[in-house]
Each structure stands twice: as structure tokens, then as C-alpha cells.
Amino acid sequence: MLAETICSAVSVAGLGIAAVMAYRKRFLSAARFTAYALVPLGLVMTGAVAWIADTAFSPVAWAGFGVLGAAWLLFLSTRAVERRRGERKETTGGAGQRAVAPGASAPSRAVATKPAAGQSSGEDFSDIEAILKKHGI
């Protein structure tokens, strides 16, 4: 009951300040302040303030928030460990071999090699020229 009274008083005070702003020809600021002033009144009318007040003083609700927080921390920690293990397996080569089925053929894409010391990767267009000649371009 006290929270509803305080929210209503805040809304009335905000609407009064908005009226003064409108009197001073600051209509955009007055409209924005009116919107902010109506939020506490809307929360009271929807019952959100009563729900928050009941939740704030309920030990079961706080225990529920604690359980949700523990679940969130557990989820984040397992994701972090999973990412670290994934990075380690990529460096040792274990992840790439498990991704291929046992009876699968070799990949169609050749492994890229480093260019020779005199060449940069952009100078070798022989593959592209062969594809273009194949298609008659």
C-alpha cells in the first residue's frame, strides 16, 4: 500500500514538473518528462509494484533467484571450459580428424601451402587462368 502511494505521488510530481516545462515552451522536454512520470503510475495500475513488493520479502523467491544465478554461472563456466578444450584439440589436430566420418573420402580441397620466398600469394593466377580457359572466358 505504501509503495503504491509513493509511486502515485512521484507520478503527480512528475506531471507537475512537466506542466511547468510546457508553460516555459519546452514541449518536447515536457512530453518526455510526462512519459517518464506516467511509468510509476502504469506499474501500480498493472500490479507490477505489488508483485515486486511480494517478491522482495519472500525468502522462497530469493532462493529461486539464487538457484537461477547458480545455474547461469554453471552454464557460463562449462562453456568457457569447453572453448578452452576446443582450442587445445585444434592445436594438436584431434578435432579435425574426429569431424570426418570413418568411411569418408579425402577432402576435395587441397591443403593450402605457403608461397615460395619469391612469390606472394596474389601472384600465382595459374589455377584461375585454367578455370577461365576451361569455361571459354
- Look through 70, 95 and report the one residue that is modelled with pLDDT of 60 or more, hydrophobic (A, V, I, L, M, F, W, C) and in a helix (DSSP H, G or I). 70
- Item | Scan of the range 22-40 for residues that are surrounded by fewer than 18 Cβ atoms within 10 Å (Cβ to Cβ) and either in a helix (DSSP H, G or I) or among the hydroxyl-bearing types (Ser, Thr, Tyr) (or both), ordered by number | 22, 23, 27, 28, 29, 31, 32, 34, 35, 36, 38, 39
- Mind checking whether some residue in the range 123-132 is touching a Leu at 6+ places or on another chain (Cβ under 6 Å), at pLDDT below 90 and of a type in the set (A, V, I, L, M, F, W, C)? no
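The values are calculated or read from the model by the stated rules, or taken from the named source; none is laboratory data. Not measured: the values here are computed from a predicted model. Positions of Cβ are backbone-derived with ideal geometry, glycine not excepted, and every protein chain shown enters the neighbour counts.
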